[in-house]
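Shown next, in structure tokens, is the structure this report addresses.
What follows draws every value from the coordinates through simple rules; no lab data is involved. Since the model is a prediction, treat every value here as computed from it, not as a measurement. No Cβ is skipped: glycine too gets one built from the backbone with ideal geometry, and neighbour counts run over all protein chains shown.
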Amino acid sequence: MLLKDYETLDIKYESGHLLPGERARMNTIVVELESIWNIEEIKARQRSKERNIKGGDRNTAYFQDIANQRTGRKEFLVWKVMKVCWRIKN
């Protein structure tokens with residue numbers, strides 16, 4: 001309904017026959033449509049985030065493997081340093 005009203009008013013505006021009250025209505029319609037479009041964009045972003053959280057993207061497994069390798073190396077280095085420190089103390 002809003003789009004149809006806007007198109008009608010836009011045609012009048014382009015022909016130069018738009019009354020002041022119609023101009024105000026056109027501005028109101030523009031504000032309402034922008035609000036609706038913003039809400040739709042937010043919903044689309046939320047659905048996208050939800051999909052990524054549930055299913056992950058194609059790179060998730062790769063980055064998790066890299067992070068686990070780094071953690072494993074850190075643990076190994078700490079164990080190695082602790083062993084050397086223990087030998088030095090004894």
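Could you calculate the contour length gain from residue 30 to residue 17, that is, 0.36 nm times the residue separation minus the distance between their Cα atoms, to one decimal place in nm?
Numbers: separation 13, 0.36 × 13 = 4.68 nm, distance 1.87 nm.
Gain in length upon complete extension: 2.8 nm.
So if we plug the beta-carbon distance of residue 40 and residue 64 into 1/(1 + (r/R0)^6) with R0 = 35 Å, what FRET efficiency do we get, rounded to 0.05?
Working: r = 33 Å, r/R0 = 0.93.
Computed FRET efficiency for residue 40 and residue 64: 0.60.
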